[in-house]
Number of protein chains: 2
Amino acid sequence: MTQTDTVADLQSVLSALADPVRLEMVRRLAGATEPLACTALYETVTKATASHHFKILREAGLVERIAEGQCARYDLRSDAVDDAYPGLLPSVLAAANK
Amino acid sequence: MTQTDTVADLQSVLSALADPVRLEMVRRLAGATEPLACTALYETVTKATASHHFKILREAGLVERIAEGQCARYDLRSDAVDDAYPGLLPSVLAAANK
């Protein structure tokens, strides 16, 4: 299995990014040099809502979950996503960072 | 008013593209050298459903509607979208054309 096998179809990836809470999670991960603790990725939603958003990001193949006790860490799968959809994530992140 | 003023926020643009019917409409417009008649842009949905999708694309600023009797023509606002979100539309279209 190559990395790109686990990136979802384009619609799922766009839908996953088309939400302000999830886009902010992705934006923070993109700005980090190492996986971030889940609690560093949201503020305005409850833990349950955040879990829902993490699930959608994982299912889209945008993030990897690294289990670690109560609070997992997350890593952005930049290379896999860029292999699957070249240029998509950088252009979305550039727009999100404006 | 510059062209980019009428391109919607990033979430709206991503949501508009994150639907298979709308993405196919955009893909066909991107492949055309001139505005296309609405009827050339869909097959699998009813006229009413297509109108709903056209409205979302227009509100996102992705397409321009050129009124013309019963069936409008549509043009992709490639330059305006690329000014607002550089690289986004080309990367989405490349993925959609794969």
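The values are calculated or read from the model by the stated rules, or taken from the named source; none is laboratory data. Keep in mind that this is a model prediction, so the values were computed, not measured. Quick reminder, even Gly has a Cβ in these numbers, built from the backbone with ideal geometry, and neighbours come from all protein chains shown. Ligands, DNA and RNA are stripped out before the accessible areas are found, and what is left, the full protein with its side chains, is counted by its heavy atoms. Shrake-Rupley method; radii C 1.70, N 1.55, O 1.52, S 1.80 Å.
Which ones in segment A:88-97 are open to solvent by 30 Å² or more (accessible area, probe 1.4 Å) and within 14 Å of B:ASP82 (Cα to Cα)?
A:PRO90, A:ALA94 - these are the residues of segment A:88-97 that are open to solvent by 30 Å² or more (accessible area, probe 1.4 Å) and within 14 Å of B:ASP82 (Cα to Cα).
Hey, can you tell me all the residues within segment A:22-56 that are within 14 Å of chain B (Cβ to nearest Cβ) and touching a Lys or Arg at 6+ places or on another chain (Cβ under 7 Å)?
A:HIS53, A:ILE56
Assuming B:ALA30 fulfils every condition listed in (1) open to solvent by 60 Å² or more (accessible area, probe 1.4 Å); (2) of a type in the set (Gly, Ala, Ser); (3) closer than 26 Å to A:VAL81 by Cβ apart from one, which condition is it?
(1)
So which residues in segment B:46-65 are in contact (Cβ under 8 Å) with a residue 12 or more places away in the chain and surrounded by fewer than 13 Cβ atoms within 10 Å (Cβ to Cβ), if there are any at all?
Step one: of segment B:46-65, the residues in contact (Cβ under 8 Å) with a residue 12 or more places away in the chain are B:49-50, B:53-54, B:56-57, B:59-64.
Once the filter is applied, which keeps residues that are in contact (Cβ under 8 Å) with a residue 12 or more places away in the chain and surrounded by fewer than 13 Cβ atoms within 10 Å (Cβ to Cβ), segment B:46-65 yields only B:THR49.
Condition first: within 28 Å of B:LEU89 (Cα to Cα) and in contact (Cβ under 8 Å) with a residue 40 or more places away in the chain. Now tell me which residues in segment A:33-45 satisfy that.
The answer is none; no residue qualifies.
Got a number for residues in segment B:4-21 being open to solvent by 20 Å² or more (accessible area, probe 1.4 Å), touching a residue at least 24 places away in the same chain (Cβ under 8 Å) and either within 18 Å of B:PRO90 (Cβ to Cβ) or within 11 Å of chain A (Cβ to nearest Cβ) (or both)?
Within segment B:4-21, residues that are open to solvent by 20 Å² or more (accessible area, probe 1.4 Å), touching a residue at least 24 places away in the same chain (Cβ under 8 Å) and either within 18 Å of B:PRO90 (Cβ to Cβ) or within 11 Å of chain A (Cβ to nearest Cβ) (or both) number 5.
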